[in-house]
Amino acid sequence: MLTPAAILDLLRGAGTTVAVCSVAIVAGIPLGLAIAAGRTGRNAIVRFLCGVYSSFVRATPLVTFVMLIYFGLPALGIEFDPLPAAVLALALTTAAFNSEIWRAGIVDFPRGQLEAARSFGMTRRTAFWRIMFPQIWRRSVAPIVNEMTLLIKASPAIAVIGIVDLTRKARQVAESTYEPLPAFISAVVIYGIVLIVLVVGGRLLERRFAGRTA
């Protein structure tokens, strides 16, 4: 049985996990949209670079990417403290995956709507934000929420650079109390609560969008 102090330690670790992932998600969603725009744009060089970035990051294990940013970049004179390095690694990773979600929405969007908007005098940028983006955003909510859950489940990788997230805190509690089972069961329960809240929030948002379009 865990003591109240141990439970409080786990909650602090959960707070770190949620905070780091939240900042990464907030940064990663618009960055992913920018990458998707680059991959579907007219500039061949930008398309190539965005494609290489997306493929490279998605193919790299998160823990390796975290170590690359924290331990590798100092060789180029670029140094980060552990917390910013963790946020950056998660943000760049989720941006790569989000870019595929956005790209799919852009590619599948009916071109006739854009042509109609252009015929009314809208610029390409105005047509994107007023006509295309609201629709692809509604369609992308579910896969984006799914990507958020995957990011949170992969986030223990940041412990490799010293961030005390929920998983690492559970290990510390297990080592200090000599009771690993209660510590890790509690961590699993906390992760489950966080993810359930996220999924339920995503479904409520989907229903709200569905009500608007009904």
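The values are calculated or read from the model by the stated rules, or taken from the named source; none is laboratory data. Since the model is a prediction, treat every value here as computed from it, not as a measurement. Virtual Cβ from ideal backbone geometry, glycine too; neighbours counted across all protein chains shown. Surface accessibility is based on the protein's heavy atoms, side chains included, excluding ligands, DNA and RNA. Shrake-Rupley method; radii C 1.70, N 1.55, O 1.52, S 1.80 Å.
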Does Ala89 satisfy the condition of being of a type outside the set (Ser, Thr, Tyr), surrounded by 20 or more Cβ atoms within 10 Å (Cβ to Cβ), closer than 21 Å to Lys153 by Cβ and within 17 Å of the chain's Cα centre (by Cα)? yes
Residue by residue through segment 173-185, note down the ones that are open to solvent by less than 70 Å² (accessible area, probe 1.4 Å), assigned to a helix (DSSP H, G or I) and either closer than 10 Å to Gly13 by Cβ or of a type in the set (D, E, K, R) (or both). Val173
May I ask you to verify whether Ala59 is under 25 Å from Ile163 (Cα atoms), surrounded by fewer than 16 Cβ atoms within 10 Å (Cβ to Cβ), within 17 Å of the chain's Cα centre (by Cα) and among the small types (Gly, Ala, Ser)? yes
Identify, please: which residue in segment 40-76 is touching a Lys or Arg at 6+ places or on another chain (Cβ under 7 Å) and farther than 11 Å from Ala96 by Cβ and is, among those, modelled with the highest pLDDT? Arg47
Please state which one of Phe120, Phe109 is out of contact with any His (no Cβ under 6 Å at 6 or more places or on another chain) and either among the acidic types (Asp, Glu) or within 22 Å of Gly51 (Cα to Cα) (or both). Phe109
When residues of segment 66-81 are filtered for being surrounded by 16 or more Cβ atoms within 10 Å (Cβ to Cβ) and either part of a loop (DSSP other than H, G, I, E, B) or in contact (Cβ under 8 Å) with a residue 60 or more places away in the chain (or both), how many remain? 4
How many of the residues making up segment 102-136 are outside any helix (DSSP H, G or I), surrounded by 16 or more Cβ atoms within 10 Å (Cβ to Cβ) and aromatic (Phe, Trp, Tyr)? 1
Would you pick out the residues in segment 145-166 that are hydroxyl-bearing (Ser, Thr, Tyr) and surrounded by fewer than 20 Cβ atoms within 10 Å (Cβ to Cβ)? Thr149
